[in-house]
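**Q** This is the structure, below, for whatever I ask next.
The values are calculated or read from the model by the stated rules, or taken from the named source; none is laboratory data. Since the model is a prediction, treat every value here as computed from it, not as a measurement. Methodologically, a virtual Cβ is constructed for each residue, glycine included, from the backbone with ideal geometry; neighbour enumeration extends over all protein chains shown. Calculation scope for accessible area: heavy atoms of the full protein, side chains included, ligands and nucleic acids excluded. Shrake-Rupley method; radii C 1.70, N 1.55, O 1.52, S 1.80 Å.
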Amino acid sequence: MGRGKVEIKRIENTNSRQVTFSKRRHGLFKKANELAILCDAEVGVIVFSNNGKQYEFSSNSMEHTLARYNRAPESIENGAAAVLEVNAFRVEIAMLRQLQRRLMGEELEGLNFKELQHLEHQMTEAILAVKDRKEQELMQKLEKSLLQVEKVRLENEALREQIDELKRSSALKMN
């Protein structure tokens, strides 16, 4: 006598759903283990519950299985996407290097008048930004120096008063 066919749909009762998840996960891992043993296959299964908990089974270590998966020819699509991304970064780096060289006044041949004007405008703005920053630094150093001068002046004044007081007290002792 066999079991009845189960309609595959979401189980509404939370407790029943959790029990079914646990039993079916256990059954899935058991089947994965049997496949690994019977067929001498490397098997890895990762399951996430609806609350985000991770369960995994691996006939080897999961890290080894995932590393092997990532090196497999089937993952060429993933690799192709990575190669495209790397190539895009290489193109961007090449463009940034060329821009840097042009900003340094190198490799200007091939630029038309408008492009040269635009480059000159960029450089002028950069020079102004550097000058502004330099001026800020100088003003901060000047303020710091003025504070130090004032501190030293106050210390000198306090020392003079101490010297004068010592002179007065020693003059009084002599009399």
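**Q** Longest segment of the chain with no GluC sites (Glu not before Pro) in a DSSP loop having at most 16 other Cβ atoms within 10 Å?
**A** It works out to 110-175.
**Q** Something else about it: What whole-number distance in Å separates the alpha-carbon centres of segment 156-175 and segment 14-29?
**A** 94
**Q** So which lysines pass the test for Lys151, namely a Cα distance under 20 Å, with those fewer than 8 places away in the same chain ruled out?
**A** Lys141
**Q** With each label point set 7 Å from Cα along the Cα-Cβ vector, what nm distance links Lys131 and Asn87?
**A** Result: 4.6 nm between the two label points.
**Q** Per residue, how much accessible area does the chain have with a 1.4 Å probe, in Å²?
**A** Using a 1.4 Å probe on heavy atoms only, each residue of the chain averages 91 Å².
**Q** Would you kindly find the accessible area of Met95, with a 1.4 Å probe and non-protein molecules such as ligands, DNA and RNA excluded, rounding to the nearest 10 Å²?
**A** 120
**Q** Still on this model: Percent of accessible area on the chain owned by carbon and sulfur, 1.4 Å probe?
**A** Here it works out to 58 percent.
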